[in-house]
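*Asks:* I have a structure here, written as structure tokens, and I will follow up with some questions on it.
The values are calculated or read from the model by the stated rules, or taken from the named source; none is laboratory data. In this text, all values refer to a predicted model and were calculated from it rather than measured experimentally. Neighbour counts are summed over all protein chains in view; Cβ atoms, including those assigned to glycine, are modelled from backbone coordinates with ideal geometry. To get the accessible areas, we keep the full protein, side chains included, count just its heavy atoms, and leave off ligands, DNA and RNA. Shrake-Rupley method; radii C 1.70, N 1.55, O 1.52, S 1.80 Å.
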Amino acid sequence: MKKLTFILIAFLGLTSAFAQETSGDTDAKKQDGPVIEVNKEVHDYGTITQGDDGGCVFEVTNTGKEPLIISMCKGSCGCTVPACPQEPIAAGETAEITVKYNTNRVGPINKSVTITSNATNEPRKIVRIKGNVKAKPKGSAPLNTGGPTNK
């Protein structure tokens, strides 16, 4: 019985060591290709006024060893318009993805942008924008411009 227990423990130990070694090899292979890293997962506008500038920027860095090619950037709706770099991002280089949100829509903002690329770590990377658009204050009564008055 002691031999059987010893063999079982030895087998489990070898299996565990092999599994850790194998997963480490996979991670090393991923780093050989392009790797996408983004400076932030979410851009928070906070509370902004209707009609304000709805632009923001996400910085994308290629931390891999081969060029990163972004093939598509797509907003979750027509009110969220991203612009992605057209040229490959060389290893170690950074580029910008600009996002323009239509702030004429009043209410909460909770949208996403899907970045599709040849990255080995995340071929589909999703970043988000959030915040709240408050209505523009209603105009006050027109000022007296010096025209005729009734007395």
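*Asks:* Once you charge only the Cβ atoms, +1 for Lys and Arg and -1 for Asp and Glu, what is the size of the charge dipole of region 84-141 about its Cα centre, to the nearest 20 debye?
*Replies:* In debye, rounded to 20, region 84-141 gives about 660.
*Asks:* Now for a separate question. Under a Cβ-Cβ cut-off of 14 Å, what is the net charge of the residues other than Pro108 that fall near it, where Lys and Arg count +1 and Asp and Glu count -1?
*Replies:* Once all neighbours under 14 Å are counted, the net charge is +4.
*Asks:* Which ³J(HN,Hα) values, rounded to whole Hz and listed in residue order, are derived for region 118-123 from phi using the Karplus coefficients 6.51, -1.76 and 1.60 in 6.51 cos²θ - 1.76 cosθ + 1.60 with θ = phi - 60°, glycine and proline given as x?
*Replies:* 8, 4, 7, 8, 8, x
*Asks:* Compute the accessible area per residue over region 38-88, keeping the other protein chains in place, probe 1.4 Å, unit Å².
*Replies:* It amounts to 55 Å² per residue over region 38-88.
*Asks:* Quantify, in whole percent, the carbon and sulfur part of the accessible surface of region 29-140 (1.4 Å probe; protein heavy atoms only).
*Replies:* Roughly 48 percent of what the probe reaches on region 29-140 is carbon or sulfur.
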